[in-house]
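The values are calculated or read from the model by the stated rules, or taken from the named source; none is laboratory data. Keep in mind that this is a model prediction, so the values were computed, not measured. For neighbour counting, all protein chains shown are included, and Cβ atoms are generated from backbone atoms with ideal geometry for every residue, glycine included. Just so you know, the surface numbers come from the protein's heavy atoms only, side chains and all, with ligands and any DNA or RNA stripped out. Shrake-Rupley method; radii C 1.70, N 1.55, O 1.52, S 1.80 Å.
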Amino acid sequence: QVRLVESGGGLVQAGGSLRLSCAASGRTLSNYHVGWFRQAPGKEREFVATISWSRDLTYYADSMKGRFTISRDNAKNTVYLQMNSLKHEDTAVYYCAANAYIISQDVKRYPYWGQGTQVAVSS
């Protein structure tokens, strides 16, 4: 099975940027659709963005459109989430997840998850 490790989180001021990375091991990530999700304290895990294995399809949650960009480098077995114009409400633990069968915004479609990386945006 594929193992995922997120990195790149941290503390940033509102309006700033961060780039998260999701590195895979165990199996090549190029065989999987990959999604980013986030979970704030006391809230359910929510969809952020997803990218198909071939990079020809990307989807974003409405509140992230125009601010976040998902991309992947299959040669490096890594998926990225570039986050710009960050807001305090973007504060959450961000998770990447992999799915071999269907590109989806549904958290239940993803069997493989990383441990998460904390993003904190100060207002």
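Do the conditions hold for residue 78, that is, is it open to solvent by less than 70 Å² (accessible area, probe 1.4 Å) and over 13 Å from the mean Cα position of the chain (by Cα)?
No.
Which of (1) at pLDDT 95 or above; (2) over 13 Å from the mean Cα position of the chain (by Cα); (3) loosely packed, with under 14 Cβ neighbours inside 10 Å is the odd one out, the single condition residue 86 does not satisfy?
All conditions pass for residue 86, except number (3).
Output the residues belonging to region 84-123 that are assigned to a strand (DSSP E or B) and closer than 20 Å to residue 29 by Cβ.
Of everything in region 84-123, those that are assigned to a strand (DSSP E or B) and closer than 20 Å to residue 29 by Cβ turn out to be 94, 95, 96, 97, 98, 99, 112, 113, 117.
Give the residue that is least open to solvent (accessible area, probe 1.4 Å), with candidates limited to residues of region 96-123 that are over 11 Å from the mean Cα position of the chain (by Cα) and among the aromatic types (Phe, Trp, Tyr).
110
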